[in-house]
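First the structure, in the form of structure tokens, and then the observations on it.
Here, each number is a calculation from the coordinates, and none is a lab measurement. It should be emphasised that the depicted structure is a prediction, and the values quoted were computed from it without experimental measurement. With ideal geometry, Cβ positions are generated from the backbone for all residues, glycine too; neighbour counts draw on all protein chains shown.
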Amino acid sequence: MFATGKRDYYEVLGVERNASESDIKKAFWDLARKWHPDVNPDDPSAEAKFKEINEAYQILSDPETRSRYDMYGHEGGVAGGGWNADFGGFDPFGSIFDAFFGDSPFTRGAASSAGPVRGHDLKASVRITLEEASTGVKKEITVERMEMCERCGGEGTEPGTARTTCPECAGRGQVHSVGRTVFGSFTTVTTCPKCRGEGTIVDFPCNDCGGGGRVRKRGRIEVDLPAGVETGSRVRIRGEGDAGLRGGLPGDLYVFIEVEPHSVFKRDGIDLRVEVPVSFTQLALGAQITVPTIDGSEIKVSIPSGTQTGEAFRQRGKGMPALRGLARGDMIVTVRVVTPKKLSKEEKALLEQLAEIQGDGVADASSKKQSKRWRLFDRRQEA
């Protein structure tokens, strides 16, 4: 091999000199993906490494040029009568990068300066009551967002001035650089660093927005929350996000909802659950109890005799509305016995009589011993 100061192409690709065509192609794909400039925007050496990898692949992937390289090394382009491996306007392997990155940086139009850019979507949150979730509600929320600068109309220039064509890229938004080797030349296309791909520059920036065309503002927006929303639901408000750039559409605002816990009702999907305190006699004899509903009204619920504490009664259509639907959930009413802390003499006597009839082991209430028991019971309850 002749000394030229350039690395051996096989070494560049990390393959043996007897590597197969598929081995060379695989090595190129792996290295190209690793060192592509678009993947390493903060590494200034990535572009040079990528060019070196591309150059090595161009030579070793072609049987004829590889044979000359194996015989003459880097001087083969001269000693062998020269070969013109002109890589054209860009990488002939753009399809490879389409697979890696979605589209090839080599096939992006050189004249495509930056066009309209859609504004960013924004997020906000709002807290509502269960009653508001049941009926739907309008809420005002505070949002901080980027809005189009009124002074310059989004142009970024002081009134009376205009943008000028970028001298670096001549308005194309991209710059070309040509690399040459003994095997030919190749061209790279990158975003213009001066205008950042816009093709124009601002000589006299707007005093309000500093040339950005947008300013940050805080404002209030009314949000219409439909009936049936729950914690985690979100409402999309089109066009209420950040303003776009260069005439681009504004982004959207996504409002995330949190429903406050309720002191009476517990939500279970579109159903509501409520526990109602009742007395032993109501369960034993049967009764009609009054139960509140989420809309503020009251309903009567019949409790049959012999009902056990913890039993539930479903009230059809008294729950939460389904979001964007005609259905409505149910309200499940659970009854719980509440033991009285204080009893009158008459109540004590009646309970003692009942206990005696049922054989619950309660002593004669007229005895001193039993009276003492009740006094002790009363003191414990009062404590």
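Summarising the amide proton neighbourhood of VAL223: residues at separation of 5 or more, or on other chains, whose placed amide H is nearer than 5 Å comprise LYS139, GLU140, ILE141. Backbone N atoms of the stretch 121-144 closer than 13 Å to the 7 Å Cα→Cβ label point of ARG218 belong to residues 142-144. The percentage of C-alpha pairs in the stretch 266-337 whose separation is greater than 14 Å is 57%.
Hey, could you grab the Kirkwood Rh for the stretch 1-51? Inverse mean 1/r over distinct alpha carbon pairs, Å, one decimal. Write out the running numbers ahead of the final one.
Values: mean 1/r = 0.0827 Å⁻¹.
Final number for the Kirkwood radius of the stretch 1-51 is 12.1 Å.
Amide H to amide H distances under 5 Å link VAL278 with ARG336, VAL337, VAL338, where only residues 5 or more positions off or on other chains count and H is placed in the peptide plane. Across the cross-link table entries LYS51/LYS194; LYS25/LYS49; LYS26/LYS49, which are compared at the Cα atoms, there are no separations over 26 Å. Bridging of LYS342 to aspartates and glutamates at a Cα separation below 12 Å is possible for ASP378, GLU382, once same-chain residues fewer than 8 apart are set aside.
LYS123: which lysines have alpha carbons under 18 Å from its alpha carbon, excluding same-chain residues fewer than 8 sequence positions away? Of all the lysines, those that pass the test against LYS123 - Cα under 18 Å, at least 8 places apart if same chain - are LYS138, LYS139, LYS217.
When GLU198, GLU346, GLU260 are ordered from fewest to most other Cβ atoms inside 10 Å of their Cβ, what list results?
Taking fewest neighbouring Cβ atoms as first place, the list is GLU346, GLU260, GLU198.
Amide H contacts under 5 Å for GLN174: CYS192, restricted to partners 5 or more places along the chain or on a different chain, H placed in the peptide plane at 1.01 Å from N.
Partners of LYS318 within straight-line reach, counting aspartates and glutamates whose Cα lies under 14 Å from its Cα and excluding those fewer than 8 residues away in the same chain: GLU131, ASP268, ASP271, ASP295, GLU298, ASP330.
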